[in-house]
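Below is one structure, written out as C-alpha cells; comments come after it.
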Amino acid sequence: QETTDRLIESGMAPEAAAREAASRFGHRATVKDRTRDFNVALWLESLGQDLRYALRTLRSAPGFTLVAVLSLGLGIGANTAIFSLLDTVLFRSLPVAQPEQLVKLSMGDPQNDVFTNPLWEAIRDQDRTFNGLLAFGGDRFNLASSGPARLVDGTLVNGGFFSTLAIQPALGRLLQPADDQRGCPGLVVISYGFWQREFAGNAGALGRQLLINRQSFTVIGVTARSFSGVEVGRAPELYVPICSEPLLSGDPGSLDQRSSWWLQIMGRLPEGMTLAQAGERLAAMAPAVYSATLPTDWEASQQQEYLKRTLTLSPAPAGVSDVRNQYSTALLVLMGLVGVVLLIACANVANLLLARAASRQREIAMRLAIGASRGRVIRQALTESLVLSLMGAAVGLVFARWSSR
C-alpha cells in the first residue's frame, strides 16, 4: 500500500499504481511463502505440512519406498555392526582410570608376551619403573562338586591386579598383595554378572564358599559392573590369586616351573615417564631377570638363546586380546567391504530418486505454476529424502543390533 501511495503521489493513476506495486512485489503466494520463512512458528507449520506430504507421497509408492528403505537399512546396518566390533576389539580403551598409562610387557616381539611365574616374580621383585604391575593368566574353572563338569571362565591374578587398574568393588573388597602369598587360602572375587546370576545380587554372597575345581574358595568381593577384565573378547567370571594355582592344579610345585608359560604382564607408567624411558630401564633389568630364571632342564643352546632375550614394552590402553591379534586384519578388510556396500546402496537410492523426480515433472511444474517458490519445492524434495534416510536408519539399527550378536 505504501508503494501504491508513493506512485499516486508521483502522478500515476490509482489503478496503474496498484498494478505496478503488485508487479514489484511479485505473486501473492510467492510473497506469502517468503514471509513464512521469517516466522519460526509458520516455518514449523510448513515443515509439518512438508512431512505429512512426504509421508503421503512415499505411501503412494510402496515399491519405491520399500526398495529405498531396505537398501539404506542393509548398508547402514552392516556398517554399524562391523564398526561396533572394530570399536570393541581395536579402538575402545579399558574402562579404568587413565588407560593411556597402561603398557604390555613382552620378550622382544609384542606377540611373544607370555611369561612363566618365576619370570613374573623376578620382574615384580626387581621392578623400579612402574607405578604398579599386574599379572594374569586365563583358565576355565569347574564349579561342579561331582558329576559332569560345569565350566566358567576365570583368571588367576596377582594381588596388585585391581589396585593397579584402580578398580573399585561393587560389594566387599578386591584382592590385595597380602592375599597373593605362597600357601595362601582359597579366596575368590566374582564378577558382577556372576553375582547377579548365581546369588541374585544378594549381599549375603560375601563369605559364601564356592567350589572351584573341587576346592573350597571364600567369596570376598564383587567387581564393578563395568569391569570385564583386561582381555578383550573374554569376560572372566571368577578372579583368584596366582598363589592359589597349586590348589587348582593339584601340583604343589607348579609355581616354580620355569618352562610353564601362562602369565601375561602389564604395568602402569608413572606420570611424566615416556614409553621409551621405561623401555630402557626394563631392557637394563632383563639380563638379571633371565639369569635368575634360567630353565635348568633346557639344552645348552636353548639356555644361551634364553639368556639373550630382552624385555620390551608396547602401549596397551585397550588391554590385550587374542581376538585382536587373530582377526584385526580381517575386520578392517570387512569394514572396507561393507563401506563399499553402503556406497552402492546410496548410489542405488540416488538413481531411484532421480528416476522418481523425472516422473514427477508435471507435478513440480504445476506447483511452480500455482505460486510455489523453487526453494519450497527443493525443501519438499529434501524432506522426502530425510524421511527416507530416517526410515532406512531405523531399519539399519534393528539389523545392526541383530547381526552384531
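The values are calculated or read from the model by the stated rules, or taken from the named source; none is laboratory data. Keep in mind that what you see is a predicted model, and the values were worked out from it rather than measured. Reconstructed Cβ throughout: ideal geometry from the backbone, glycine too, with neighbour counts over all protein chains shown. These accessible areas exclude ligands, DNA and RNA; they are computed on the full protein's heavy atoms, side chains included. Shrake-Rupley method; radii C 1.70, N 1.55, O 1.52, S 1.80 Å.
When 1/r is averaged over all different Cα pairs and the result inverted, which Kirkwood radius in Å belongs to segment 255-316? Please report the intermediate quantities before stating the final value.
Working: mean 1/r = 0.0745 Å⁻¹.
Its Kirkwood hydrodynamic radius stands at 13.4 Å.
Relative to one another, the C-alpha centroids of segment 231-253 and segment 199-214 are positioned 17 Å apart.
Distance between the 7 Å Cα→Cβ label points at residue 67 and residue 176: 7.0 nm. Applying the Karplus relation 6.51 cos²θ - 1.76 cosθ + 1.60 with θ = phi - 60° to segment 220-230 yields 3J(HN,Hα) values of 10, x, 10, 6, 4, 4, 7, 9, 9, x, 10 Hz, where x marks Gly and Pro.
Extension gain for the segment residue 214 to residue 91, taken as residue separation times 0.36 nm less the Cα-Cα distance, is 40.4 nm to one decimal.
Residue by residue, segment 54-70 carries 3J(HN,Hα) couplings of 4, 5, 5, 5, 5, 5, 6, 10, x, x, 4, 4, 4, 5, 5, 5, 5 Hz when phi is fed to the Karplus relation 6.51 cos²θ - 1.76 cosθ + 1.60 (θ = phi - 60°); x denotes Gly or Pro.
Ratio of alpha-carbon Rg to the 2.2 N^0.38 Å globular estimate for the chain, to two decimals, please.
Numbers: Rg = 34.5 Å, N = 405, 2.2 N^0.38 = 21.5 Å.
Normalised Cα radius of gyration, the chain: 1.60.
Amide H to amide H distances under 5 Å link residue 176 with no residue, where only residues 5 or more positions off or on other chains count and H is placed in the peptide plane. Here the convex hull built on the C-alpha positions of segment 211-297 has a volume of 169 cubic angstrom per residue.
If packing is taken as the mean number of other Cβ atoms within 10 Å per residue, what is the order of 121-131, 146-156, highest first?
Numbers: 121-131: 16.7, 146-156: 14.5.
Highest mean packing first, the order is 121-131, 146-156.
On the protein heavy atoms, probe 1.4 angstrom, tell me the percent of accessible surface of segment 338-387 carried by carbon and sulfur. Percent of accessible area from carbon and sulfur atoms in segment 338-387: 72. Segment 378-405 and segment 328-342 have Cα centres separated by 21 Å.
Of the peptides 390-400, 274-284, the order by per-residue mean of other Cβ atoms within 10 Å, starting with the highest, comes out as 390-400, 274-284. Overall size of segment 115-156 from C-alpha positions, given as principal axis extents largest first: 48, 19, 14 Å. Close amide H pairs (under 5 Å, H built 1.01 Å from N) link residue 318 with 94, residues at least 5 positions away or on another chain. What a 1.4 Å probe finds exposed on segment 119-194 is 47% carbon and sulfur by accessible area, rounded to a whole percent.
Alpha-carbon geometry of segment 260-373: the Rg and the Dmax are 31.2, 97 Å, given in that order. 3J(HN,Hα) couplings calculated from phi for segment 14-22 with the Karplus curve 6.51 cos²θ - 1.76 cosθ + 1.60 (θ = phi - 60°) are, in sequence order, x, 5, 5, 5, 5, 5, 5, 4, 5 Hz; Gly and Pro show x. Comparing mean-square fluctuations of 311, 94, 58 from a GNM of the chain with C-alpha springs under 10 Å, the top value falls on 58.
Rounded to the nearest 10 degrees, the inclination of helix 275-292 to the longest alpha-carbon principal axis of the chain is 20 degrees.
Before I look further, what does the chain give for accessible area per residue, probe 1.4 Å, in whole square angstrom? Don't skip to the end; give the middle numbers.
Numbers: 21700 Å² over 405 residues.
Accessible area per residue, the chain: 54 Å².
Absence of a disulfide-compatible partner, taken as no other cysteine beta carbon within less than 4.7 angstrom, is noted in the chain for 346. In units of the rule-of-thumb radius 2.2 N^0.38 Å, segment 114-255 shows an alpha carbon radius of gyration of 1.01. Residues whose amide H falls under 5 Å from that of residue 61, counting only those 5 or more places apart or on a different chain, are absent, with hydrogens built in the peptide plane.
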